[in-house]
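Written out below as structure tokens is the structure these notes cover.
The values are calculated or read from the model by the stated rules, or taken from the named source; none is laboratory data. Here the structure is a predicted model, which means the values were calculated and not measured. Heads up, the Cβs are rebuilt from the backbone with ideal geometry, glycines too, and the neighbour counts pull from every protein chain shown.
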Amino acid sequence: MPPLRHRVRSTNSPLSPKNNFSTTCPGSSSAKPISFADQPAKGVTGGGVVSGALHSFVLSAALELQGRYRVNVVSPTMVSDSVDEYAPLFPGLSAVPMDTLVGHYVDCIETEMTGQIIRAYG
């Protein structure tokens, strides 16, 4: 498997390596979730439901399709290109640079990983 070009924050999927990166806020000493799939916020229920459903789907589908298909999801927060317009809809979340986000998608295509939730949280 080629090395990933970007740091990937993934879940503890049964198909993932044992030493996954943290899904907590960078630089934080507390284990604080940093997406609407992980942390509820007022006014973003729909986004949390969709993100949570995609996370669950990837974990289960990767197990069922193992050896036939690879299944991953890139789960971004707000993209930095849209901060001016959408920042109020992403309360307390950092923006992820577009080039970082694109790199995560490329890694999903160019590597053999499966069952991964790429948490691109800025």
Task: Count of the range 37-49 residues which are part of a helix (DSSP H, G or I) and loosely packed, with under 13 Cβ neighbours inside 10 Å - done: 3
Open item on the list: Looking at the range 70-87, can you tell me whether even one residue there is without any contact (Cβ under 8 Å) to a residue 40 or more places away in the chain and basic (K, R)?
Closed with: no
TODO: Confirm whether R119 is charged (D, E, K, R), in contact with a strand residue (DSSP E or B) (Cβ under 9 Å, 6 or more places away or on another chain) and not in a helix (DSSP H, G or I).
DONE: yes
TODO: Considering (1) at pLDDT below 80; (2) under 15 Å from A120 (Cβ atoms), say which one K18 fails and leave the rest.
DONE: (2)
Open item on the list: Please determine whether any residue of the range 58-66 is modelled with pLDDT of 95 or more, under 22 Å from Y105 (Cβ atoms) and of a type in the set (D, E, K, R).
Closed with: no
Open item on the list: List the residue pairs whose Cβ atoms are under 6 Å apart, where the first residue sits in the range 90-105 and is at pLDDT 95 or above, the second is surrounded by 13 or more Cβ atoms within 10 Å (Cβ to Cβ) and part of a loop (DSSP other than H, G, I, E, B), and the two are 6 or more positions apart or on different chains.
Closed with: G103/H6; H104/H6
Task: Test for G27: is it outside any loop (DSSP other than H, G, I, E, B), modelled with pLDDT under 95, of a type outside the set (S, T, N, Q) and over 20 Å from D99 (Cα atoms) - done: no
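How many of the residues in the range 53-87 are part of a loop (DSSP other than H, G, I, E, B) and surrounded by 13 or more Cβ atoms within 10 Å (Cβ to Cβ)? So that I can check it myself, show each step before the final result.
Of the range 53-87, the ones part of a loop (DSSP other than H, G, I, E, B) are 65-71, 77-78.
Then drop every residue that is not surrounded by 13 or more Cβ atoms within 10 Å (Cβ to Cβ), which leaves 65-66, 70-71, 77-78.
Residues that pass the stated criteria total 6.
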TODO: Go through (1) part of a loop (DSSP other than H, G, I, E, B); (2) of a type in the set (D, E); (3) buried (at least 19 other Cβ atoms within 10 Å of the Cβ) one by one and return the number of the condition D107 breaks.
DONE: (1)
